[in-house]
Amino acid sequence: MVNTINLETGWLNELQGEFEQPYMQALKAFLQAQKQANKVVFPPSELMFNAFNSTPFNKVKVVILGQDPYHGPDQAHGLAFSVPVGIKPPPSLVNIFKEIERDLDIPRPSHGCLQQWAEQGVLLLNATLSVEQAKAGSHQNRGWEAFTDAAIEALNRDREGVVFLLWGSYAQKKGRLIDTQKHLVLKSPHPSPLSAHRGFIGNGHFSQVNSYLQQRGLEPIEWGL
């Protein structure tokens, strides 16, 4: 996984020390053991840090926090909620697109690849950056959460005016790491079919993000794909 750390320079400057920590060494050993046992792990190892490499540290405007990578074939490519072009958008992503359509009158796209968001400064960060095929949550509590906590802490400490979108109780637990005097935190239920109609649909987060960015003299996010 991290023999040579393929991480964007700004993020590497912030997080380099994490790779020396015992938890990260244990995580590396766990992932190597998974590979030796011929377990299928998503996303491919070269895409595990895709969120960081697609959205440099100094370019982050917005953080959307997910939980796990998708655990079906060809779905996960290292960006939370996103799937590659040609893969059917999962239900949570469909509900995200529904809210964008309702909020901003932007038609739903024909694909579910959010790379364009990432390149505009939307960090699409899962709390856990790997998963075993067909086993949701299988790599939780192995160390990834400490690493992604460190990433959020770095943004909180060294940046100002980042918008954090915390959808659902799992993401909202990370809210303890964020200084709401320095950053904007928007919370709502999760976009999954189980909870989307309890307040995700109608949350207006996408227009609120753009209003906040424009108030700070920054380019708004083009949410259309």
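Enumerate the helices (runs of 4 or more DSSP H) found wholly within the stretch 1-87, keeping only those where 1 or more residues are touching a residue at least 24 places away in the same chain (Cβ under 8 Å) and under 17 Å from the mean Cα position of the chain (by Cα).
Details: elements: 9-15, 22-36, 50-54.
Here the list reads 9-15, 50-54.
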Check the stretch 181-192 and report whether any residue there is over 18 Å from the mean Cα position of the chain (by Cα), surrounded by 18 or more Cβ atoms within 10 Å (Cβ to Cβ), modelled with pLDDT of 95 or more and not in a helix (DSSP H, G or I). no
Are there any pairs with C-beta distances below 6 angstrom linking a residue in the stretch 132-161 that is more than 21 Å from Gln16 (Cα to Cα) and touching a residue at least 40 places away in the same chain (Cβ under 8 Å) to a residue that is outside any helix (DSSP H, G or I) and hydroxyl-bearing (Ser, Thr, Tyr), with the two at least 6 apart or on different chains, and if so which? Glu132/Ser138; His139/Thr128; His139/Ser130; Gln140/Thr128
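Can you tell me which residue is surrounded by the fewest Cβ atoms within 10 Å (Cβ to Cβ) among those in the stretch 105-150 that are more than 30 Å from Gln32 (Cβ to Cβ) and hydrophobic (A, V, I, L, M, F, W, C)?
The first filter runs over the stretch 105-150 and keeps only residues more than 30 Å from Gln32 (Cβ to Cβ), leaving 105-112, 116-117, 119-122.
Narrowing the set further to residues that are hydrophobic (A, V, I, L, M, F, W, C) leaves 106, 117, 122.
Working: Ile106: 15, Trp117: 22, Val122: 26.
Ranking the candidates gives Ile106 first.
Could you check the stretch 65-84 and list, in sequence order, the residues that are open to solvent by 40 Å² or more (accessible area, probe 1.4 Å) and either among the aromatic types (Phe, Trp, Tyr) or under 14 Å from Glu145 (Cβ atoms) (or both)?
Taking the stretch 65-84 as the starting set, the residues that turn out to be open to solvent by 40 Å² or more (accessible area, probe 1.4 Å) are 67, 70-71, 73-75.
Of everything in the stretch 65-84, those that are open to solvent by 40 Å² or more (accessible area, probe 1.4 Å) and either among the aromatic types (Phe, Trp, Tyr) or under 14 Å from Glu145 (Cβ atoms) (or both) turn out to be Gln67, Tyr70.
The values are calculated or read from the model by the stated rules, or taken from the named source; none is laboratory data. On a predicted model such as this, the values are computed, not experimentally measured, just so you know. Please note: Cβ atoms are built from the backbone with ideal geometry, for glycine as well, and neighbour counts cover all protein chains shown. Please note that ligands, DNA and RNA were not included when accessible areas were found on the heavy atoms of the full protein model with its side chains. Shrake-Rupley method; radii C 1.70, N 1.55, O 1.52, S 1.80 Å.
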